[in-house]
Amino acid sequence: NSLLSPVGNRVTVFDLANHSCHTLSFEARKNIRKMALCPKGQLLVVTDVDGRGLLINFPRRTILHRFNFKARVRALEFSPCGKYLAVSHGRLVHVWLTPGLGKEFSPLILHRKYAGHHDDVVSIGWSKDSRYFVTSSKDVTARVYSLFSEENFKVVTLSGHGDRIISAFFVESTDGFMEGSSNRQIYTVSKNGAVFIWEWKWNSIEGDQNVQPKTASESAPLSITLGEWTLKRKHLLYKDGAKLNCAAMYKNELLVLGYSNGVFSLYEMPSGTMLQTLSVSQHELRTTAINCTGEWLALASAKLGQLIVWEWQSETYVLKQQGHFYDLNVAAYSPDGQLIVTGGDDSKVKLWSTSSGFCFVTFAEHTAPVTAVAFVGEGNAVLSASLDGTVRAFDLTRYRNFRTLKTLKPVQFTSLAVDGGGEVVCAGALDPPEIYVWSLQTGKLLDVLAGHEGPISGLAFASNRPLLASSSWDHTVRLWEPYSSTAPIETFKVNVDALCVAFRPDGQELCAAALDGQLYFWDPEEGILKGTIEGKRDVAGGRRSGDHTTAANATHNKHFTSVCYTADGKSVIAGGRSKFVCIYQVEQRILLKKFQLSHNRSLDGILDKLNSKNITDAGAIDDFNVSDSDSEVEIRNTNDLPGASRGDLSKRRVKPEIRCKTVHFSPTGQEWAAASTEGLVVFSLDANMIFDPVNIDEETTPKAILELLKSKNYVRALLMALSLGETDLIVQAYRGVPPDDVPLAARSIPMSYVGKMLNTIAEQVEKTPDLQYQLHWTRSLLTSHNDRLRSMAPQYMSSFRALQKALSKQNKDLSKLCDDNMYSLSYLVQSSTATELPESEEKNAASS
């Protein structure tokens with residue numbers, strides 16, 4: 001029910017049963033090229049484009065070892081027993097012994113090296129008993145090897161294909177043999193669509209061609225004295241001139257083929273009957289897989305960033321996800337923190353669910369890159385501004401573009417803001433540098449705010465009053481009251497270009513980032529500068545391959561381009577054209593935490609120091625495309641256009657530069673998102689990894705808590721678990737309280753633990769089905785501490801929003817379920833009432 005997919009240098013796990021996904025915390029050195037999971041699901045091996053690998057304990061999500069295969073890995077496969085790992089090493093195949101339960105000096109021990117191919121090995125397939133494996137190579141041949149030395153065994157070469165073999169599979173067949181035995185077959189699939197079926201044929205006894213030797217069985221070796229490999233059948237599965245890129249096989253029954261034109265085909269084997277063919281992508285399919293039951297097919301297109309899981313029997317999509325085709329520009333959270341909206345250079349606006357991590361709707365009405373997005377009011381609509389000169393409003397109930405806001409003259413919008421009531425929309429333009437004000441209800445242009453002398457880089461509305469702040473490249477930050485006047489009421493001077501602006505959640509403070517790397521803080525009521533934070537050294541880092549200066553002397557990455565306040569308003573988070581995102585404490589003006597978005601060396605600007613041996617007179621070696629991959633050769637041939645600067649990849653390989661274009665903090669206070677080069681990166685607070693004990697003594701132990709639960713002292717056990725701070729114990733003690741004792745337990749919880757209890761309830765609402773019990777706890781807790789919670793509302797705002805997010809999600813799901821089954825529920829109620837009436841009549845007759 002789970003699917004593993006590499007995203008850059010990380011691995012994302014898609015839970016298809018629960019419709020959710022999460023990204024594993026570890027990172028590879030560069031982009032992941034191959035990965036393999038052992039049959040028991042305990043070990044995961046991933047390798048990057050340079051052949052450096054990670055050995056991971058998959059259940060624990062921890063790295064066991066880092067190693068270097070010292071060559072590009074094109075094939076990686078565990079044996080069915082899970083004890084051996086076969087890895088391609090150029091023309092060789094290395095078989096490694098995987099770690100077991102015993103103590104070993106090295107996690108991976110080299111078992112043996114296998115040679116024979118004349119070109120790179122591209123696929124490996126194991127036999128069911130893990131005794132043999134078949135390899136395919138670019139030399140248009142496949143070879144069968146034995147894992148151990150066997151008598152009279154010789155490596156067999158299978159040839160006859162007209163193009164290189166992309167996949168080879170060992171399968172077991174039971175046709176044509178006596179009962180209790182199985183026959184081995186090999187399927188080889190070439191790039192031109194030819195599928196060859198090879199069968200092991202036992203030598204006959206005394207001229208009988210249909211009887212195998214009595215000594216030959218599943219345990220008998222594939223020795224040349226006992227039999228030979230013969231070509232049983234050929235299938236030519238061409239698809240309109242398209243090349244075959246990937247193949248996957250399920251037992252001896254199904255074969256899935258993915259083509260370069262985005263079409264996949266499903267065939268029944270060994271007859272070669274086509275069961276299905278479907279075009280699922282506009283670009284080539286690079287990989288495919290089949291789940292253990294043979295019901296779901298996974299297909300992926302690397303160029304389009306598309307991942308599809310198809311259930312072929314019912315012909316329905318189990319999963320269909322696609323990211324932005326070009327760079328991601330902007331991102332914003334909904335007021336309840338359940339949704340994230342993103343906009344990119346591909347002119348599309350996408351909505352993502354923060355609980356599942358999936359994109360569930362895409363709007364493609366814009367015709368130019370999207371530069372700003374924002375939610376309206378309570379999150380019922382989304383606004384997006386684009387360089388095409390329009391601001392579009394999308395309804396999140398019917399998922400349609402219900403309003404398009406335009407200007408009299410065509411302009412390019414760079415920023416966007418909407419007031420708290422969702423009635424007035426403001427957008428800043430590039431040239432002329434003016435702010436346009438619309439009414440969202442009527443769609444009419446109300447006013448044009450002029451005064452800036454340079455392009456407008458940012459807009460923000462205050463939450464407590466109709467006050468608009470704008471930042472511009474003319475070295476000013478201006479405050480406007482668009483309801484009453486078209487002239488700015490206040491102008492704040494900065495020494496350099498102002499790049500972005502943000503209000504504190506309560507509207508009592510304004511923050512702006514400038515080109516000199518400083519964060520400026522103003523009091524909008526008094527119009528005075530409260531202070532600055534020097535962030536030039538904090539955000540700086542990383543040297544590009546084409547830079548002639550060191551990272552310390554570089555100027556391109558020493559400023560912030562996006563800033564946002566945290567949910568409680570005590571800190572700000574800022575990111576820019578750098579690999580770092582910084583969080584500052586506003587009152588004390590100190591750096592709290594510095595996050596590095598990625599350690600992926602496939603991106604430019606990750607390393608602070610470059611290796612001089614990789615720098616030549618013609619430039620960095622990484623800028624030259626020295627790969628011999630067929631897919632890259634095809635891309636170069638199709639994009640080799642005369643005079644094209646962006647699409648011509650025939651000479652140089654362009655490395656994307658790491659940068660953070662937008663940062664936004666969730667209203668729940670539990671996570672924040674960044675629109676970066678690698679896509680949308682979400683950092684969330686992992687409560688399971690935090691140990692925060694409060695007021696503990698020697699008697700506060702997990703054992704004591706479990707004993708109190710057994711003795712039915714629930715309130716004492718809950719208080720002790722809260723003081724210890726372990727999430728698992730808190731949940732166990734919380735769920736152990738009987739419903740009748742919930743009000744008493746809620747009154748006994750001190751105020752210092754109320755926030756932790758609210759977060760626990762919010763988490764349980766999303767994970768457990770007993771909603772009534774969670775609502776009972778919520779009502780009792782809020783009623784018992786009503787006065788204190790009102791007076792300390794800002795301190796518990798993140799907990800309130802997390803609880804609201806969980807409850808509103810449950811409300812939405814249950815209301816939809818009840819609406820869909822309204823008549824069925826009505827029928828059940830009427831049926832139960834009808835069955836109770838005869839019983840009451842019988843009782844009345846008996847009494848009379």
| query | Counting residues that are β-branched (Val, Ile, Thr) and under 30 Å from Leu328 (Cβ atoms), which strands (runs of 3 or more DSSP E) fully inside segment 226-316 reach at least 2? | reply | 287-290, 306-311
| note | Over segment 738-765, the set of residues of a type in the set (A, V, I, L, M) and open to solvent by less than 50 Å² (accessible area, probe 1.4 Å) is Val742, Ala745, Ala746, Ile749, Met751, Val754, Met757, Leu758, Ile761, Ala762, Val765
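Rundown of residues vs (1) more than 12 Å from Val494 (Cβ to Cβ); (2) free of Cβ contacts under 8 Å to residues at least 24 places away in the same chain, yes/no style:
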{"site": "Glu509", "(1), (2)": "yes, no"}
{"site": "Asp516", "(1), (2)": "no, no"}
{"site": "Ile528", "(1), (2)": "yes, yes"}
{"site": "Gly535", "(1), (2)": "yes, no"}
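Here is a yes/no grid of residues against (1) at pLDDT 95 or above; (2) under 24 Å from the mean Cα position of the chain (by Cα); (3) among the hydrophobic types (A, V, I, L, M, F, W, C):
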| position | (1), (2), (3) |
| --- | --- |
| Ala71 | no, no, yes |
| Lys83 | no, no, no |
| Val95 | yes, no, yes |
| His111 | no, no, no |
| query | Just one of Asn495, Asn553 is without any contact (Cβ under 8 Å) to a residue 24 or more places away in the chain, over 31 Å from the mean Cα position of the chain (by Cα) and over 23 Å from Val586 (Cβ atoms); which is it? | reply | Asn553
| Taking Leu771, is it open to solvent by 30 Å² or more (accessible area, probe 1.4 Å), more than 28 Å from Arg504 (Cβ to Cβ), more than 26 Å from the chain's Cα centre (by Cα) and modelled with pLDDT of 85 or more? | yes
| message | If I ask for residues that are open to solvent by less than 60 Å² (accessible area, probe 1.4 Å) and under 18 Å from Trp672 (Cα atoms), which ones from segment 798-817 would you list? | response | Ser798, Ser799, Phe800, Ala802, Leu803, Lys805, Ala806
| field | Criterion (in contact with a helix residue (DSSP H, G or I) (Cβ under 9 Å, 6 or more places away or on another chain), of a type outside the set (D, E, K, R) and either in a strand (DSSP E or B) or open to solvent by less than 30 Å² (accessible area, probe 1.4 Å) (or both)) met by exactly one of Gly389, Gly337 | value | Gly337
| note | Restricting attention to segment 261-288, the residues that are open to solvent by 40 Å² or more (accessible area, probe 1.4 Å) and within 25 Å of the chain's Cα centre (by Cα) number exactly 5
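Residue-wise test of (1) touching a Cys at 6+ places or on another chain (Cβ under 8 Å); (2) modelled with pLDDT of 95 or more; (3) surrounded by 17 or more Cβ atoms within 10 Å (Cβ to Cβ); (4) not in a loop (DSSP other than H, G, I, E, B).
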{"site": "Ala393", "(1), (2), (3), (4)": "no, yes, yes, yes"}
{"site": "Thr397", "(1), (2), (3), (4)": "no, no, no, no"}
{"site": "Lys409", "(1), (2), (3), (4)": "no, no, no, no"}
{"site": "Gly421", "(1), (2), (3), (4)": "no, no, no, no"}
{"site": "Cys426", "(1), (2), (3), (4)": "no, yes, yes, yes"}
{"site": "Val437", "(1), (2), (3), (4)": "yes, yes, yes, yes"}
{"site": "Gly443", "(1), (2), (3), (4)": "no, no, no, no"}
{"site": "Val477", "(1), (2), (3), (4)": "no, yes, yes, yes"}
| Can Asp431 be described as touching a Phe, Trp or Tyr at 6+ places or on another chain (Cβ under 8 Å), free of Cβ contacts under 8 Å to residues at least 40 places away in the same chain, open to solvent by 10 Å² or more (accessible area, probe 1.4 Å) and not in a strand (DSSP E or B)? | no
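Here is a yes/no grid of residues against (1) assigned to a loop (DSSP other than H, G, I, E, B); (2) among the β-branched types (Val, Ile, Thr); (3) closer than 23 Å to Thr293 by Cβ; (4) open to solvent by less than 70 Å² (accessible area, probe 1.4 Å):
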site: Ser5; (1), (2), (3), (4): no, no, yes, yes
site: Phe14; (1), (2), (3), (4): no, no, yes, yes
site: Ala17; (1), (2), (3), (4): yes, no, yes, yes
site: Cys21; (1), (2), (3), (4): no, no, yes, yes
site: Lys34; (1), (2), (3), (4): no, no, no, no
site: Pro39; (1), (2), (3), (4): yes, no, yes, no
site: Val45; (1), (2), (3), (4): no, yes, no, yes
| Trp473 open to solvent by 60 Å² or more (accessible area, probe 1.4 Å), hydrophobic (A, V, I, L, M, F, W, C) and more than 19 Å from Pro369 (Cα to Cα) | yes
| field | Inter-residue pairs, beta-carbon under 7 Å, first closer than 19 Å to Gly541 by Cα and of a type outside the set (Ser, Thr, Tyr) and in segment 608-627, second open to solvent by less than 80 Å² (accessible area, probe 1.4 Å) and modelled with pLDDT under 70, 6+ apart | value | none
| request: Identify the single condition in (1) outside any loop (DSSP other than H, G, I, E, B); (2) buried (at least 21 other Cβ atoms within 10 Å of the Cβ); (3) under 33 Å from the mean Cα position of the chain (by Cα) that Asp538 does not satisfy, given that it satisfies every other one. | output: (2)
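List the strands (runs of 3 or more DSSP E) inside segment 52-106, counting only whole elements, that have at least 1 residues being in contact (Cβ under 8 Å) with a residue 60 or more places away in the chain and either open to solvent by less than 50 Å² (accessible area, probe 1.4 Å) or farther than 22 Å from Phe169 by Cβ (or both).
84-89
The rows are residues; the columns are (1) part of a loop (DSSP other than H, G, I, E, B); (2) over 25 Å from Pro369 (Cβ atoms); (3) modelled with pLDDT under 85; (4) open to solvent by less than 80 Å² (accessible area, probe 1.4 Å).
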| site | (1), (2), (3), (4) |
| --- | --- |
| Ser631 | no, yes, yes, yes |
| Leu641 | yes, no, yes, no |
| Lys655 | yes, no, yes, yes |
| Asp697 | yes, yes, yes, no |
| query | Looking at Lys320, Lys350, which one is within 29 Å of Ser798 (Cα to Cα), assigned to a strand (DSSP E or B) and not small (Gly, Ala, Ser)? | reply | Lys350
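Just give me the residues in segment 107-130 being open to solvent by 50 Å² or more (accessible area, probe 1.4 Å) and within 19 Å of Ala36 (Cα to Cα), in sequence order.
Ile109, Leu110, His111, Lys128, Asp129
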| note | When every residue in segment 301-334 that is more than 24 Å from Leu396 (Cβ to Cβ) and of a type in the set (S, T, N, Q) is compared, the one least open to solvent (accessible area, probe 1.4 Å) is Ser301
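The values are calculated or read from the model by the stated rules, or taken from the named source; none is laboratory data. This one's a predicted model, so the numbers in the text were calculated from it and none came from an experiment. Cβ coordinates were reconstructed from backbone atoms using ideal geometry, including for glycine residues, and neighbour counts include every protein chain displayed. Please note that ligands, DNA and RNA were not included when accessible areas were found on the heavy atoms of the full protein model with its side chains. Shrake-Rupley method; radii C 1.70, N 1.55, O 1.52, S 1.80 Å.
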